[in-house]
């Protein structure tokens, strides 16, 4: 659901990232591992370290491969159970089937494991055959947030889809990320987008470096001005 209350979510890989993101003014973290694989499930140990380092909400990735297929669902369920036991209370996942439709069965399997905990459907929606119809399916699945760029190649190519999603008055909140640039924020906010997701944009030194506090601060000001 669109909202003008600014929210900035930052990708974190470590407890240091979490501390720096919070210092810079982030509102929420997406915790992942292995950005070379575009973000996979983090370890229980990393989750515990991050939860000890920050009091920000932490959305934990459930993903075991680089594709948008569900992969080993039993393994993902086991990962979810271990992460919940370790303190995870919010998650991120999203699967497509071979027809580029939302894999409703796979999502429902994990939703049952989460037992009411909030979750984000991630950028798999950008590769769905019909992102607008997919949004309806995700509303029915009960996720509270959809992370989207509007196009597989990023926000610059997906602005028209994002603007159509932002005009919806029902369903999950739209969280925009994926090649997001600072100059796009004003246009998106004017169109009703209130939540933004950044990763490489707050790591001037690349993924091998820690989150940069000053960069997060600049984004937080932009999102909430």
How far is it, in nm, from the label point at residue 221 to the one at residue 97 when both lie 7 Å from their Cα along the line to the Cβ?
-> 4.9
Going fewest to most other Cβ atoms within 10 Å around each Cβ, 58, 111, 193 line up as 111, 58, 193
Projected label distance in nm at residue 139 and residue 181, using a 7 Å step from Cα toward the beta-carbon = 3.2
What nm distance separates the two modelled labels at residue 157 and residue 45, each placed 7 Å from Cα along Cα→Cβ?
-> 3.8
R0 = 25 Å: FRET efficiency of residue 86 with residue 23, Cβ-based, nearest 0.05?
-> 0.55
Quick note on 14, 41, ordering by fewest other C-beta atoms within 10 Å, gives 14, 41
Can you give the calculated 222 nm mean residue ellipticity of the chain, where each DSSP H run of n ≥ 4 adds -39,500 (n - 2.57) and the sum is split over every residue, rounded to the nearest 500 deg cm²/dmol?
-> -12000 deg cm²/dmol
Provide the FRET efficiency to the nearest 0.05 for the residue 112-residue 38 pair, computing r from the beta carbons and using R0 = 35 Å.
-> 0.85
With contacts defined as alpha carbon pairs under 8 Å and 6 or more residues apart, what's the relative contact order of the stretch 7-224 in percent?
-> 20
Select one label from (i) 0.99; (ii) 0.93; (iii) 1.59: the one whose number is Rg/Rh (Cα atoms, Kirkwood Rh) as derived from the coordinates shown.
-> (ii)
Residue order, fewest to most surrounding Cβ atoms within 10 angstrom, among 197, 186, 157 = 186, 157, 197
What share of the DSSP beta bridges in the chain is antiparallel, in percent to the nearest 5?
-> 5
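Where a number appears in this text, it was derived from the coordinates with a stated rule and is not lab data. Quick caveat: nothing in here was measured; it's all calculated off a predicted structure. Positions of Cβ are backbone-derived with ideal geometry, glycine not excepted, and every protein chain shown enters the neighbour counts.
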